[in-house]
Amino acid sequence: MRVPPFERYTGLLQSAGLLISGIIIGSALFLSIYHHQLNTLLIQNRELIAQNDKLQQDNNTFKKTRNQQSTINQIDVIVESSPQDPLDKVTEQEIEKRVRNDLAVVKGQKVSVIAESPHIYQNLISKKTYRGILDKDYIVNTKTILLIQNELKVWVIAEDFKRTTM
């Protein structure tokens, strides 16, 4: 039996190798672009869900207290991070949601009660540790509390718990 010479198929093997490597590189590139787009969509989805929850809570509060002019109807929380350890959007939203839930006792209360003793509400969230946010713990400090008409605005600074304890 005669074996054909291997030199005849070297060009075919090189072409097949280039084709297969092109397929692998192309699919890797496609998957990386797909993953990036999916990640962007998931972040936008979380933002919209958080915004929807906040608007629903505000709407329910407005329905309950629409005839009372001197009560707190809305709570806005602004989360700031330290410059050396910036937070991502998902973490900021989760901290904002938890702080807003802690301050939910303020909704429906009279503005005069909160204006008389703002330190009580500041101590409610100051130096508080929120555990389990994307497998990390964060400590929240109150920066500013501002009361404008029926709206309570709270600025907080969130830091990684491990950074503050070291």
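Within the span defined as segment 145-152, every residue fails to be touching a residue at least 60 places away in the same chain (Cβ under 8 Å), aliphatic (A, V, I, L, M) and touching a Ser or Thr at 6+ places or on another chain (Cβ under 9 Å).
For segment 77-97, does any single residue satisfy the condition of being open to solvent by less than 60 Å² (accessible area, probe 1.4 Å) and over 28 Å from residue 39 (Cβ atoms)? No, every residue in segment 77-97 fails to be open to solvent by less than 60 Å² (accessible area, probe 1.4 Å) and over 28 Å from residue 39 (Cβ atoms). The requirement of being part of a helix (DSSP H, G or I), open to solvent by 90 Å² or more (accessible area, probe 1.4 Å) and farther than 19 Å from residue 154 by Cα is satisfied by residue 12. So, of the residues in segment 155-166 that are more than 22 Å from residue 54 (Cβ to Cβ) and in contact (Cβ under 8 Å) with a residue 40 or more places away in the chain, which turns out to be surrounded by the fewest Cβ atoms within 10 Å (Cβ to Cβ)? Per the criteria, the residue is 163. Residue count for segment 110-120 under the criterion of being assigned to a helix (DSSP H, G or I) and open to solvent by less than 30 Å² (accessible area, probe 1.4 Å): the result is 1. Checked against the criterion of being under 17 Å from residue 130 (Cβ atoms), in a strand (DSSP E or B), aliphatic (A, V, I, L, M) and over 12 Å from the mean Cα position of the chain (by Cα), segment 97-109 has no qualifying residue. The residue that is modelled with the highest pLDDT, counting only those in segment 127-155 that are closer than 18 Å to residue 109 by Cβ and aliphatic (A, V, I, L, M), is 154. Where residues in segment 60-76 are hydroxyl-bearing (Ser, Thr, Tyr) and outside any strand (DSSP E or B), which of them is most open to solvent (accessible area, probe 1.4 Å)? Checking each candidate, the answer is 70. Filtered by the rule that a residue be open to solvent by 40 Å² or more (accessible area, probe 1.4 Å) and under 17 Å from the mean Cα position of the chain (by Cα), segment 121-154 gives 129, 131, 132, 134, 135, 136, 137.
The values are calculated or read from the model by the stated rules, or taken from the named source; none is laboratory data. These figures come from a predicted structure and were not determined experimentally. All Cβ positions, glycine included, derive from the backbone under ideal geometry; neighbour counts span all protein chains shown. Ligands, DNA and RNA are stripped out before the accessible areas are found, and what is left, the full protein with its side chains, is counted by its heavy atoms. Shrake-Rupley method; radii C 1.70, N 1.55, O 1.52, S 1.80 Å.
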